[in-house]
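A.B. asks: Sending over a structure as structure tokens; questions will come in a sec.
The values are calculated or read from the model by the stated rules, or taken from the named source; none is laboratory data. Worth saying up front: this structure is predicted, and the values here are computed from it rather than measured. Neighbour counts run over all protein chains shown; Cβ positions are idealised from the backbone, glycine included. In case anyone asks, the SASA skips ligands and DNA or RNA and just uses the protein heavy atoms, side chains included. Shrake-Rupley method; radii C 1.70, N 1.55, O 1.52, S 1.80 Å.
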Amino acid sequence: MKRRREEKDKFHNSREASGSFRKRTEYEEKDTTPSKLDSVHDDLKMAIMTRLPAKSLMKFRYVSKMWCSFIGRQELVDSFFVVSSAQPRFIVSFSNNAFGKPEEKLTFLLSYPEGSSSSSLVPRFEMALPVGLRASQEYCASLHGFLSVYTDHGLMVCNPSTEQVFNLSKNTQFVGYDPIGGQHKALSVHLRDPSSARPHLLHKVLTLGGGGGWRDIEGTPVPYIPVSVGVCINGVIYNGGYKYNSTTDFKNKNPVVMCFDVRSEKVSFIQAPSAVVLCGKNAIFIEYNGKLASILVHPPLARSIPFDLWILEDAQKHEWSKQTCVFPSSAWESVSCRRMSFQGTNKAGEIIIVPSVVNTIKVQPFYIFYYNVTTNYVRRVRLLGIGDNEEFQRSYGFVGGYECFVRVAPHHVDSIAFLNNPLYIKRGALELMLSHHV
């Protein structure tokens, strides 16, 4: 036990990182003696706290009831997010390969500065989840401070800063954020009657932090089949599917993009090229310059890996544009993984391309790539802390040549928000689960 804690402290190399593994009881005792800061004006305290690390504020919540109440004020939560927005990060989640031992599965969340021009980036440890990543769903997204990721237990939502975790029901396919109403919502889509051959779907919505449970919403005029993961852009969840021509014709169907407006909770469709609508992890939907985009990867050629970038130019007119891009094969030679994973774009509009798994056969540097669509320029960046520490890999199950999956969520902003909901895993329960690994 002592050895593994030392390994974690060595790997994270920071007091904040190692502190997130400690038990909550280490700082549960609150000093009831008034602090000098309690007499400071609220505006000044607000200005100070918005510039402190989120993990530090989470510890300060246990100083006293007054501090806990102040840090939980919505005004501070909103101000902290605005200040943090100036320094966005991207989250990298990667899991070990303990497939036969569920109690030993772990998914680590590390964050890196976004927008850096450095050729190598140093990680900041965020948290660890006692689950693995799902192989068939290459999905990880940051939604206003909360991370949505597919695990082998289903869709999970967490706040890396507060370590609050929501374990959603197995039928949950999508999570989105309404920027106007300031609400996170989960969408569940499943057959109304599984025994029927007619694919009429039942839609249920859960407002995270809303205090209520799942509720039915109005369905669609005609049945459809969702076949891919989704992406949330400006309050709308997009995913690929097939829509039938009518409520009675179940033989003919057309490729579409299903649109779920998170605020109004209405479903609509956009006609899509057949190349855009693919099943499972073959479907790649990302945000590109504020628009919905889809990527279709072609078989590699001798010197290049071509892919098509489909962009939804006008949703009302169902208009798409296509651009063929060429990724040089020589840039990928430093990667042992053959499968490229497209994980969105950075602030500069460059497409983020990563290996889909960590090499567990040998220790080697882990790289991500940024592809500029306009210039065809490729930039390689090394991410420290992933795959380059033999002692860490051996201690936490990154061995044996099994696939250890990697996901990336760009544009993450630290948030100190808590969502009150009976469906989340309380931090004490999460620490109890993690204690089996320590």
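A.B. asks: Phe327 is checked against (1) modelled with pLDDT of 90 or more; (2) open to solvent by 80 Å² or more (accessible area, probe 1.4 Å) and fails just one. What number does that condition carry?
C.D. replies: For Phe327, the failing item is (2).
A.B. asks: How about the stretch 271-297: which of its residues are among the hydrophobic types (A, V, I, L, M, F, W, C), closer than 14 Å to Pro226 by Cα and not in a loop (DSSP other than H, G, I, E, B)?
C.D. replies: The one that is among the hydrophobic types (A, V, I, L, M, F, W, C), closer than 14 Å to Pro226 by Cα and not in a loop (DSSP other than H, G, I, E, B): Phe285.
A.B. asks: Of all the residues that make up the stretch 228-246, how many are in contact with a Pro (Cβ under 9 Å, 6 or more places away or on another chain) and either crowded, with 23+ Cβ neighbours inside 10 Å or assigned to a strand (DSSP E or B) (or both)?
C.D. replies: 6
A.B. asks: Just the residues that are more than 21 Å from Met58 (Cα to Cα) and either in contact (Cβ under 8 Å) with a residue 40 or more places away in the chain or open to solvent by less than 10 Å² (accessible area, probe 1.4 Å) (or both), please, taken from the stretch 102-115.
C.D. replies: Glu103, Glu104, Lys105, Leu106, Thr107, Glu114, Gly115
A.B. asks: Just one of (1) at pLDDT 95 or above; (2) in contact with an Asp or Glu (Cβ under 9 Å, 6 or more places away or on another chain) trips up Ala275, so point out which.
C.D. replies: Result: Ala275 fails condition (1) only.
A.B. asks: Now a separate question. All but one of (1) surrounded by 24 or more Cβ atoms within 10 Å (Cβ to Cβ); (2) at pLDDT 90 or above; (3) in a loop (DSSP other than H, G, I, E, B) hold for Ser118; state the number of the condition that does not hold.
C.D. replies: (1)
A.B. asks: Further question on the same structure: Determine whether the stretch 183-192 contains at least one residue that is free of Cβ contacts under 8 Å to residues at least 12 places away in the same chain, surrounded by fewer than 21 Cβ atoms within 10 Å (Cβ to Cβ) and either β-branched (Val, Ile, Thr) or not in a loop (DSSP other than H, G, I, E, B) (or both).
C.D. replies: yes
A.B. asks: Follow-up. Looking at the stretch 87-100, which of the residues that are part of a loop (DSSP other than H, G, I, E, B) and open to solvent by less than 80 Å² (accessible area, probe 1.4 Å) is modelled with the highest pLDDT?
C.D. replies: Pro88
A.B. asks: Can you say whether Phe418 is surrounded by fewer than 19 Cβ atoms within 10 Å (Cβ to Cβ) and at pLDDT 75 or above, as far as the supplied structure shows?
C.D. replies: Against the criterion (surrounded by fewer than 19 Cβ atoms within 10 Å (Cβ to Cβ) and at pLDDT 75 or above), Phe418 qualifies.
A.B. asks: Tell me which residues, restricted to the stretch 357-369, are surrounded by fewer than 18 Cβ atoms within 10 Å (Cβ to Cβ) and within 21 Å of Tyr112 (Cβ to Cβ).
C.D. replies: Answer for the stretch 357-369, where residues must be surrounded by fewer than 18 Cβ atoms within 10 Å (Cβ to Cβ) and within 21 Å of Tyr112 (Cβ to Cβ): Val363, Gln364, Pro365.
A.B. asks: Does Val63 satisfy the condition of being of a type outside the set (Lys, Arg) and at pLDDT 95 or above?
C.D. replies: So Val63 fails the test.
A.B. asks: Can I ask one more? Could you grab me the full set of residues in the stretch 128-171 that are open to solvent by less than 20 Å² (accessible area, probe 1.4 Å) and on the phi > 0 side of the Ramachandran plot?
C.D. replies: Gly145, Gly154, Glu163
A.B. asks: For residues in the stretch 370-394 being free of Cβ contacts under 8 Å to residues at least 40 places away in the same chain and in contact with a Pro (Cβ under 9 Å, 6 or more places away or on another chain), which is surrounded by the fewest Cβ atoms within 10 Å (Cβ to Cβ)?
C.D. replies: The extreme case among them is Asp388.
A.B. asks: Do the conditions hold for Ser79, that is, is it part of a strand (DSSP E or B), open to solvent by less than 60 Å² (accessible area, probe 1.4 Å) and within 21 Å of Leu419 (Cβ to Cβ)?
C.D. replies: no
A.B. asks: Moving on to the next point. Only one of Val326, Val354 is farther than 25 Å from Ala141 by Cβ, assigned to a strand (DSSP E or B) and in contact (Cβ under 8 Å) with a residue 24 or more places away in the chain; which?
C.D. replies: Val326 is the lone residue from the list that is farther than 25 Å from Ala141 by Cβ, assigned to a strand (DSSP E or B) and in contact (Cβ under 8 Å) with a residue 24 or more places away in the chain.
A.B. asks: Same structure again: Considering only the stretch 268-287, state which residues are under 23 Å from the mean Cα position of the chain (by Cα) and either among the aliphatic types (A, V, I, L, M) or crowded, with 20+ Cβ neighbours inside 10 Å (or both).
C.D. replies: Matches in the stretch 268-287: Val276, Val277, Leu278, Ala283, Ile284, Phe285, Ile286.
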